[in-house]
Amino acid sequence: DKTLCFNDDIQGTGCVVLAGLLSALRAQGLPASALKDQRILVAGAGSAGLGVSDMVAKGMMQQGLSEEEARARFFICDKDGLVGNTRLNMDEHAAPWARKDDGLDKGEATLRDGMSLVDVAKAARPTILLGVSACAQLFTKELVSQVQHNAATEGERAIIFPLSNPTPVAECTAEQAFEWTDDKCVFASGSPFPPLKVNGEMMTPSQCNNMFIFPGVGMGASVSGATAITDQTLYASALALSNSLTAEERSKGQIFPSVSRIREVSETVACAVLKSTIDQDIATKYTSKSTSQEDLLLYLKRKTYNPFYTPLGRDPYHK
């Protein structure tokens, strides 16, 4: 409350992953509100893994879940396996995410500290797999196929996000993810992967990159004179990003918009941030709640610097 700041490394990364998950649900014809019904297996319990989990959980809370209910949708594993509450010398930041060593779903399966990723995937039946481990090839065929099986039983497609970068430390490649799920998964990654053929069509795997979030969040907050960047505002920015794809981009299997549209997308995100801060009464520079979405966007455009220059004289080398 003393210094106005936004931590892109934690909040930005978590927010763009949240946007990617919302977009991946939409790619399946599901509403954004379906996020709160997902079960998420996270490989990596460091600052990145816990930061991403925290932001996605807060997104679920924006959809009506309590903090306890949201965290119950997560299964977090580190190098020693599932983080359970019987673990000795547990990191204080991981403790709130630790699972109880008890029955799951009326005793049909049991969770225990140290379970492998595959065993957790079988017991907890996650529909989303996130990799934030920086451990190359951590995702195996058995693991990814199991998550796809879990999703398929609910009429959905597995969401597979190996988020570690650079490319040599990615948990799996795009080609592997699609091969192991019979081209059924929804995929995005932290590292770039080359185009590949999916269901007979060429597609370029989407890259989950903070650049889709932080310019818009920064611009919206600056223009509004926001006194805080709240969870509600970050959720609004993630939702705006997830809804920013064109029909053509969707048809190509993209989860994030094309980089060539980054300026347009950033303005869309900024507009959502501006409106959110106004609605929460935390804007100090622009406070009108009666302004239309179109007028808010025009206001933002007038505040945007465009690096285009008019020639002041004739170019002597131009014929």
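The values are calculated or read from the model by the stated rules, or taken from the named source; none is laboratory data. A quick note: this is a predicted structure, and the numbers were derived from the prediction, not measured. Positions of Cβ are generated from backbone atoms using ideal geometry, with glycine treated the same way; all protein chains shown enter the neighbour counts. Calculation scope for accessible area: heavy atoms of the full protein, side chains included, ligands and nucleic acids excluded. Shrake-Rupley method; radii C 1.70, N 1.55, O 1.52, S 1.80 Å.
The chain: Rg/Rh from Cα coordinates, Kirkwood Rh?
In the chain, Rg relative to Rh is 1.02.
Is segment 133-270 best put as rounded, prolate or oblate by its Cα gyration tensor, with a ≥ b ≥ c the root eigenvalues, rounded for a/c under 1.5, and otherwise prolate when a/b is larger than b/c, oblate when not?
Prolate shape, in that a/c is at least 1.5 and a/b is the bigger ratio.
Using only Cα atoms and rounding to the nearest 10 degrees, what angle (0 to 90) does helix 141-152 make with the longest principal axis of the chain?
Orientation of helix 141-152: about 80 degrees from the principal axis.
Using modelled backbone amide H atoms (1.01 Å from N, in-plane), which distant-in-sequence or interchain residues come within less than 5 Å of VAL198's amide H?
Correct list: MET203.
Ignoring ligands, DNA and RNA, please state the percent of accessible area on the chain from carbon and sulfur, probe 1.4 Å.
52
When the helices in the chain are scored as -39500 (n - 2.57) per DSSP H run of 4 or longer and the sum is shared across all residues, what 222 nm value do you end up with, to the nearest 500 deg cm²/dmol?
That comes out to -11000 deg cm²/dmol.
Expressed as a whole number of Å, what is the distance separating the alpha-carbon centroids of segment 62-103 and segment 148-190?
Each part's Cα centre sits 23 Å from the other's.
List the lysines whose alpha-carbon lies under 28 Å from that of LYS100, not counting same-chain residues fewer than 8 positions away?
LYS36, LYS58, LYS79, LYS122, LYS141
Have a look at the DSSP beta bridges in the chain and tell me what percent are antiparallel, nearest 5.
The answer is about 30 percent antiparallel.
If DNA, RNA and ligands are ignored and the probe is 1.4 Å, what is the ranking of LEU241, LEU298 by accessible area, most exposed first?
Sorted by accessible area, descending: LEU298, LEU241.
Roughly what would the spin-label model give for ASN85 and GLU201, points 7 Å off Cα along C-beta, in nm?
With each label placed 7 Å out from Cα toward Cβ, I get 4.6 nm.
Taking a ≥ b ≥ c as the square roots of the Cα gyration tensor eigenvalues, with a/c under 1.5 meaning rounded and otherwise prolate when a/b beats b/c, else oblate, which class fits segment 5-147?
Rounded, because the longest to shortest axis ratio a/c is under 1.5.
With the other protein chains left in place, how much accessible area per residue, in square angstrom, belongs to segment 195-319 at a 1.4 angstrom probe?
Ligands and nucleic acids excluded, the figure is 57 Å² per residue.
With a 1.4 Å probe and every protein chain left in place, work out the accessible area per residue of segment 1-45 in Å², rounded to a whole number.
The answer is 42 Å² per residue.
Go ahead and set up a Gaussian network model of the chain, Cα springs under 10 Å, then flag whichever of VAL269, VAL17, VAL169 fluctuates most.
VAL169
Is the shape of segment 202-315 best called rounded, prolate or oblate, per the rule: a/c under 1.5 gives rounded, else a/b larger than b/c gives prolate, else oblate, with a ≥ b ≥ c the square roots of the Cα gyration tensor eigenvalues?
oblate
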